[in-house]
Structures are given as structure tokens and as C-alpha cells.
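Visitor: Mind having a look at this structure? Questions to follow.
Read the figures in this text as sums done on the coordinates, not as results from a lab. Just so it is clear, the model here is predicted, and its values are computed rather than measured. No Cβ is skipped: glycine too gets one built from the backbone with ideal geometry, and neighbour counts run over all protein chains shown.
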Amino acid sequence: MEHDVRPWGEYWVLEDKDSHKVKRIEVKPGGRLSYQYHHHRSEVWTIISGIATVTIEGEQKKHGPGEVVKIEVMAKHRVANEEQEPLVIIEVQLGTYFGEDDIIRLDDDYARVDLDNK
């Protein structure tokens with residue numbers, strides 16, 4: 001099983017097929033993913049535990065366990081954990097390509113912004 005540690009937490013790839021990819025994402029308290037979008041995939045997030053502060057196209061909303069967030073292809077989005085407990089999300093990616101190089105970062109707390117996309 002693919003596993004990667006990032007500055008905001010970590011993720012595990014649970015399934016990787018031609019039609020979809022499924023990840024378990026854990027965001028540590030105070031962690032926040034980059035404000036980003038994708039050319040080739042949409043995403044569906046199911047909140048498993050914790051409270052997710054989700055931003056889509058500049059609009060912010062909190063989501064709790066059992067709630068589902070849908071992110072369309074090209075929609076600018078990010079998730080943050082502003083709480084004291086870990087945030088766990090199951091992410092289902094749907095589309096034609098699921099490589100990490102389809103993450104177009106617009107803003108990032110860890111200086112990983114794609115400079116040609118600012």
C-alpha cells in the first residue's frame with residue numbers, strides 16, 4: 001500500500017485503478033493542504049472523523065463525520081484541520097489521470113506553490 005508523509009499529515013492509497021483512486025487522508029491538528037485544483041480529476045471527500053474546514057472557490061464551510069464534499073474538475077479547493085483532534089477523510093478521485101503532478105498549487109503553507117500558476 002502506498003503511503004506518504006506530508007507537512008500537513010499523511011495519506012495512504014487504498015485503491016488505484018484506471019477509473020479511480022481511493023485515499024485515506026489524515027490531517028494533523030493545525031494542518032492545511034494547499035489551495036489547489038486538478039485538470040484531470042474530480043474528488044469526493046467523506047469525512048470520517050474530526051471537523052474539516054473546506055474551501056471551494058473561495059467559500060469556506062465546516063464539515064463533520066458522515067458529511068460528503070464534492071469537488072469538480074478545475075475547482076480551486078483546500079481542506080484544513082483547525083481543531084485539536086486529527087481529521088480523517090476518505091478521498092475518491094474520479095477522472096482520467098491521478099498522478100501527483102496534476103496538483104496545481106495556488107497557495108501553500110509549506111512553500112510548495114507552483115510559481116508558473118500564481
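Visitor: Count, please, the residues in the range 70-87 that happen to be assigned to a loop (DSSP other than H, G, I, E, B) and not polar (S, T, N, Q). Break it down into steps so the answer makes sense when it comes.
Guide: Here is the first cut: in the range 70-87, the ones assigned to a loop (DSSP other than H, G, I, E, B) are 72-76, 81-86.
Filter again for not polar (S, T, N, Q), leaving 72-76, 82-83, 85-86.
Total meeting the criteria: 9.
Visitor: Please count how many residues of the range 73-100 are surrounded by 14 or more Cβ atoms within 10 Å (Cβ to Cβ), within 17 Å of VAL13 (Cβ to Cβ) and among the small types (Gly, Ala, Ser).
Guide: 1
Visitor: Pairs needed: first member in the range 1-20, within 20 Å of LEU87 (Cβ to Cβ); second member anywhere, of a type in the set (Phe, Trp, Tyr) and part of a loop (DSSP other than H, G, I, E, B); C-beta distance under 6 Å; at least 6 residues apart or different chains.
Guide: From residues that are within 20 Å of LEU87 (Cβ to Cβ), the pairs are PRO7/TYR110.
Visitor: Say whether the condition of being closer than 17 Å to ILE103 by Cα, under 11 Å from the mean Cα position of the chain (by Cα), part of a strand (DSSP E or B) and of a type in the set (Lys, Arg) is met by at least one residue in the range 31-50.
Guide: Yes, the range 31-50 has at least one match.
Visitor: Answer yes or no: is there a residue in the range 60-67 that is in contact with a Leu (Cβ under 8 Å, 6 or more places away or on another chain) and surrounded by fewer than 19 Cβ atoms within 10 Å (Cβ to Cβ).
Guide: No - not one qualifying residue is present in the range 60-67.
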